[in-house]
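Notes to accompany the following structure.
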Amino acid sequence: MTVFTSYYRGEIRGEAVSISLYPPKNWKGKHLPLFAPTPELLKWWKASAQDTAAQSEYTREFRKTLDSRQQLIQLWVRKQKDNPQDITLCCFEKTGDFCHRYQVGEEILQELWGGEVGADQLQLTLVQGKTNHSITYPPLVLSLIEKCHALGYPVQCDRLACGYYRVSLHGEDLGDWSELGVLAVLSLLQQEFYRGRLLAGLAGLAAAGSG
């Protein structure tokens with residue numbers, strides 16, 4: 001069995017299961033509020049700037065919500081392991097937009113499942129970080145990390161509890177970045193014109209931040 005994530009109008013594999021707080025009108029699939037945000041968190045998000053700072057705060061608060069539901073989540077996971085049918089966890093946001101379903105897939109299901117979790121029809125892959133434990137990366141982040149390594153730049157991206165990535169190269173701290181930010185950093189590291197400027201600039205920012 002594989003658990004996928006997608007949006008309501010996207011590709012659905014197996015059984016469709018809504019994990020938004022309120023499913024779409026006339027939704028005919030199952031509704032699993034176990035993985036939905038609270039009404040208070042959803043209201044806060046809609047009123048926020050919805051920028052990287054708000055995303056970080058949302059991620060922290062949603063993790064607290066999921067932690068409070070751990071016993072129920074573990075029961076659900078154990079039950080699903082006996083289910084041979086694939087399922088797709090659905091929400092409203094399109095692929096690539098900030099959405100709690102990625103956090104459910106990356107931080108919760110992969111951690112408890114110990115098996116295969118797909119995100120928007122793309123496989124999440126486990127690779128080793130410098131902290132000596134498996135880290136789950138979205139496919140695009142993983143692809144850029146692998147390209148940097150192939151070019152001789154063994155960049156490390158450690159996932160923080162808040163959902164950001166702590167980036168380092170040859171032991172040098174290059175700062176903490178949101179997923180969008182880390183995509184930009186990894187892309188620029190592959191371009192010779194920007195690489196030297198980027199490393200010098202990021203190292204300076206990291207030093208200033210720790211001073």
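For the reader, a short list of remarks on this structure follows.
- The strands (runs of 3 or more DSSP E) falling completely within region 58-151 that include 1 or more residues that are farther than 29 Å from Ser168 by Cβ and either assigned by TED's automatic domain parsing to the domain that holds Lys46 or at pLDDT below 70 (or both) map to 87-91.
- Residue match in region 177-192 (condition: under 22 Å from the mean Cα position of the chain (by Cα), modelled with pLDDT under 80 and assigned to a strand (DSSP E or B)): no
- Pairs linking a residue in region 21-34 that is of a type in the set (A, V, I, L, M) to a residue that is modelled with pLDDT of 90 or more and part of a loop (DSSP other than H, G, I, E, B), with Cβ atoms under 7 Å and 6 or more positions apart or on different chains, are Leu21/Ala36; Leu21/Pro37; Leu32/Ile19.
- Considering region 1-57, and only residues there that are aliphatic (A, V, I, L, M) and part of a loop (DSSP other than H, G, I, E, B), the residue that is farthest from Thr88 (Cα to Cα) turns out to be Ala49.
The values are calculated or read from the model by the stated rules, or taken from the named source; none is laboratory data. What you see is a predicted model; the values in this text were computed from it and never measured. Methodologically, a virtual Cβ is constructed for each residue, glycine included, from the backbone with ideal geometry; neighbour enumeration extends over all protein chains shown.
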